[in-house]
Amino acid sequence: MKNREIISIHIGQAGSQIGNTCWELYCLEHGIDHTTGIQSLPQSSSDYSIEQYQRSFFSETKNGNWKARALFVDLDSECIDKIRMKNNSMYERESLLSGNENAGNNFAIGRGVGGSLVLENCLERIRNMVEKCEALEGFLITSSLNGGTGSGFRDALLERLSSEFDKKLKLSFDVIGAPSSVSSCVEPYNVLLGWNSIREYSDVSVILENEALIDICKNKLQLEQPKMTDLNEIIAHTISSTTVHLRKEGCLHVSISEIMNNLIPYPSVKYLIHSMSNIFPKNHVFNERPNVTELTRSCFLDKHSVLANCNLLEGQYMACVVLYKGDIVPKDVGHAISTIKTSRVIRFVDWCPTGFRCGIDYSPPLTIPGGNICSMDRNAHVFANSTSISQTFTRMGQNFDKLFSEKPFLHWYLKEGAQEEEFTQCREELRTLQQDYLEVVQVGEEEI
């Protein structure tokens, strides 16, 4: 059996911090020491099978240790330096790249001269990782659209990746900042221009909104003032649930390619909403654990379980993938899905009335030491393609229009090589996408 490798690319400060938290969780799930790469838990009798799955994300060294198959890049060196100091052995030194100055919260700097100084080094490192893969499945990208590196440098890098590796899957987890935590008044420009990069170069995008993550922290984890580490912990569980079936054997197996094939009916409507159940504060005391049906209903009906600021009940589903983890029986999964279908609480488009795909990983969910999420013996994650995501695009457009109406700060982008037409063209592309989501409710089997 050939490995189906994934190369993870973590871009900018937010993307790199999220990536580092993800790898900490991956290591826990595989019994690997996060700082040394040493397998700390003994393997079972099926060592070969376990290692084959493990190699989808990790590379094994000659001395039997494990390295993350990942690239971390930020135009500012501070974040990468911190990761480098704390994780001397888990990451290859050549995979931690940084520039000498940041992108100044400017998409054009990140994409232009500022980003070009490290772009070739990134591409060379990626090519080296690709050469060592048996059967590369694709790339997993984490970034925030609000900053100059996460939006602009991401655009430059993904453009080159798409040119060199156009047949390989590109799955991105894209963070949009919250109005309550805006660090720069030009973020609406960066978000729109960064989204256009997703539109052009990502095959699948999971939209994660900090506003929704903060809401989860306050309502589920009882944190009055959530920190970015709390938000990153939730995102790490999201990404882990997406990739676990590549990294481990399971029942009702669902690979990343299968997720894409089941969830993306048309190329333009490729933006997914994620929700997760069984989120409790770390010291929570349980009277009884929720059953599988309750876990499933929570993902669909509890607004505090959704990682995008969308009301799922106001939209229609095209398809969804439900991924269970822990002490789960397939028969219970069938009953839970049947209950959701017959309740008629959630609506599917007419041309896809039963768009469910399920997967189970029997290993119990793990939590990051020092985190704020309670350890559970089971949970559920839903990745949905729903017209509700248009609510996010509407806000994105409104925030841009409000700023662009007077064109403040635009000269800083034009000075770095951006064109004013780029802004208006990206805005028009967003309107087109919103229209696509309106039409998909009525469309049959024809292409959009």
28 Å Cα-Cα reach of K132 towards lysines, excluding residues that sit fewer than 8 places from it in its own chain: K2, K62, K67, K82, K86, K167, K168, K170, K248
Describe numerically, in nm with one decimal, the distance between label points set 7 Å from Cα along Cα→Cβ at T339 and at F286. 1.5 nm
Across the Cα atoms of the stretch 273-387, what radius of gyration and what greatest pairwise Cα-Cα distance (Dmax) are found, in Å? 14.2, 46
Excluding residues fewer than 8 positions from K407 in its own chain, the lysines with Cα under 21 Å of it are K415
Would you kindly calculate the translational diffusion coefficient of the stretch 5-251, applying Stokes-Einstein with the Kirkwood radius from alpha carbon pairs, for 20 °C and a viscosity of 1.002 mPa s, and quote it in µm² s⁻¹ without decimals? 117 µm²/s
Per DSSP, loop GluC sites (Glu not before Pro) in the stretch 278-326 with at most 10 further Cβ within 10 Å: E288
Euclidean distance of C-alpha centroids, the stretch 339-373 and the stretch 77-133, integer Å: 35 Å
Computed, not fitted: 222 nm per-residue ellipticity of the chain from DSSP H runs ≥ 4 (each -39500 (n - 2.57)), nearest 500, equal to -13500 deg cm²/dmol
Testing the spin-label approximation: label points 7 Å from Cα along Cα→Cβ at K402 and R431. State their distance in nm. 2.0 nm
Give the residue list of trypsin sites (Lys or Arg not before Pro) in the stretch 306-402 that are DSSP loop and have at most 11 other beta-carbon atoms within 10 angstrom. R344
Reported to two decimal places, what Rg/Rh ratio describes the chain when computed on Cα atoms with Rh from the Kirkwood expression? 0.95
Please give the peptides 404-411, 194-201, 70-77, 24-31 ranked by average Cβ packing (other Cβ atoms within 10 Å per residue), highest first, as a rough proxy for protection. 70-77, 194-201, 24-31, 404-411
Computed label-point distance, nm, for sites N63 and E131 using a 7 Å Cα→Cβ extension: 2.4 nm
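Every number here is computed from the coordinates shown, using simple stated rules; none is lab data. This one's a predicted model, so the numbers in the text were calculated from it and none came from an experiment. Note that each Cβ is placed from the backbone with ideal geometry, even for glycine, and that neighbours are counted across all protein chains shown.
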